[in-house]
Amino acid sequence: MMRVFFLMAMILFISFPLNTSARTDEGVAAALTADTVEVTANFAGARLSLYGAIDRAQKDDTDIVVVVYGPLSKVRVAQKDRVLGLWVDTDPVVFEGVPGYYMAASSEPLENIVPFALRRFYQLGPSHLRLRVPSHEQTIEQFGLPVVISDLGADYETYRQALIRLMSREQLYNLDPAGVRFLDGGLFRADVQLPARAPTGDYLVSVYAFQNGQLYSKRSRVLAVNRVGLERMIYDAAHQHGWIYGAFSVTLAVVFGLGATLMSRRRWL
Amino acid sequence: MDLYLPIAGVSVNAITIAMFSMAVGFISGLLGIGGGFLMTPLLVFSGIPPTVAAATATCHIMSAASTGVVNAGRRSLDGKMASVLAFGGLIGVVIGVEAIKWLSGFGLADIIVTLTYVLFLSTIGITMTWESAGALRRMHQGLPPKVLPKRTWAHHIPGRMRFRTSRLYISPLPPAGLGFLTGILAALMGVGGGFILAPAMIYMLRMPGRVITATSQLQIMLIAGITAMMHAGRNQTLDLLLAVILMVGGAIGAQIGARFAIRARAEVLRFALAAIVLLAAARLTWGMALPPEDAFSLVLGVGE
């Protein structure tokens, strides 16, 4: 009897935590309306939402930042220059570790809620993305510490800004200072719009809660964007068995070509 | 109807692409060319990455060329000449691919490829327009077509061998060199090279008209096939879904084009081809002569 009572007390204790310290430790909760996005033949982009919650009492002091960070790849940026009167790409620079998709949405403009150092540290906002050009980098020792320097010099910033500008134009990089909206009490929502050009792979969706410019809680979710069905089959074949895939394509081309001659002989057209 | 292309990684309108491929197919059927120099820019214009556009267009060129070979018939095919051409072409493709890599190291690849494209299209376009305009004028005045000299410099190179079907007794070096040139162009520009191969066979090698189509198409088919394989195996840039649309659309367009070609005079068709080449060159030059919208350009997901 005693044991049963103890168990019930435990259940009660777990179900109704004391309203003092436990509440503040809860931090921020977050969930996506979909964990996976399927890229099928008629994929033309996707729209999904992130719902999150903070303690109602904390709502007025808390600022929310939602960051979506897509899979990394290499991106080549070239400058157009005039050669014999024609504008052609020159001096290409290859950036590595570039997210193929990026979004930063917040409840207030980022510069009002997060200090510069933290924006840089957590890569909040496209201008704070850590983008590197390894082929132009070297590590030197300064004051006994390794320091990475780039021989691109001032051009580095020009190329970097061009990359962010062009990615933003394709809607692959987005900054929305009013993208996080509080719905009711501590419940908030942010919409994520993936364009058709968004790369496939795993996306990291992070929700940051800031209070007085200090990180107070963070929550991350993974969003998988996957090719499925025929798209998947073709992609996998092309990447895993390139030569067989090539041979198949070439054979198919000949079959189509021969089929076309049959079409002309039978006067089907 | 939006269609997501698995390798290109973009969503395109399938109807637009099918219309483009039919239009290019019509021109290729009408004029007896592969149409690669039209197809690749049109695909890039539709938003497909240039590397995928060039690789996939070679697949379409191969399909169109194989139709050309079979339609022309075995009798008009000079297998010996085609193998000499293809031998040169194979070396050309390999050297072309390596040259792109080497030039990329200096950041020069784009400049060289673009300038080659413009230079070649405009030179060929101007020469052909000049020649065919002359032929048309003669036709209207009721004069017989100009008789070409039987032998050119290409016939004076030693080490000759006999090409029975072409009724030629020349050194294999000029045709091998010609094949080499088209191979380089195929690797550099993603085109079959029919627009340079056929005129060179007429004016440089003096091959009889009836063997030219089948032999040049066989050479184009082999070169395009090798290039498609290289792109698929090494760069993973061949999009099969896009290729199928191009091949189907291209085949239908080519049949319609071929119907029209039967009724048209050879001189008129030559003039039309010259005009199209010249127009393509002018459009390309015009697009690059204008100051760009943005001083920078972006290529996503590059291999190297």
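Residue-by-condition table, conditions (1) touching a residue at least 24 places away in the same chain (Cβ under 8 Å); (2) under 17 Å from A:Leu129 (Cβ atoms):
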| site | (1), (2) |
| --- | --- |
| A:Ile54 | yes, no |
| A:Asp60 | no, no |
| A:Ile64 | yes, no |
| A:Leu72 | yes, yes |
| A:Ala78 | no, no |
| A:Trp87 | no, no |
| A:Pro99 | yes, yes |
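Please determine, by comparing only the residues of segment A:98-132 that are within 14 Å of the chain's Cα centre (by Cα) and open to solvent by 30 Å² or more (accessible area, probe 1.4 Å), which one is nearest to the other protein chains (Cβ to nearest Cβ).
Among those residues, the one meeting the criterion is A:Arg130.
Just to be sure I understand, how many residues within segment A:220-233 are facing chain B (nearest Cβ under 10 Å) and closer than 18 Å to A:Pro71 by Cα?
Going through segment A:220-233 one residue at a time, the tally reaches 2.
Would you check if there is a residue in segment B:252-267 being closer than 24 Å to B:Leu188 by Cα and modelled with pLDDT of 85 or more?
Checked against the condition, which is being closer than 24 Å to B:Leu188 by Cα and modelled with pLDDT of 85 or more, segment B:252-267 yields no hits at all.
Just checking: which of the strands (runs of 3 or more DSSP E) contained wholly in segment A:162-239 hold 1 or more residues that are over 21 Å from the mean Cα position of the chain (by Cα)?
Those strands (runs of 3 or more DSSP E) span A:180-184, A:187-194, A:201-211, A:214-227.
If A:Asp236 meets every condition in (1) farther than 30 Å from B:Leu222 by Cα; (2) out of contact with any Gly (no Cβ under 9 Å at 6 or more places or on another chain); (3) surrounded by fewer than 19 Cβ atoms within 10 Å (Cβ to Cβ); (4) within 13 Å of chain B (Cβ to nearest Cβ) apart from one, which number is that one?
The one condition A:Asp236 does not meet is (1).
The values are calculated or read from the model by the stated rules, or taken from the named source; none is laboratory data. If you're wondering where the values come from, they're calculated on a predicted model, not measured in any experiment. Don't worry about glycine lacking a Cβ; one is built from the backbone with ideal geometry, like all the others, and counts go over all protein chains shown. Accessible surface areas use protein heavy atoms only, side chains included; no ligands, DNA or RNA. Shrake-Rupley method; radii C 1.70, N 1.55, O 1.52, S 1.80 Å.
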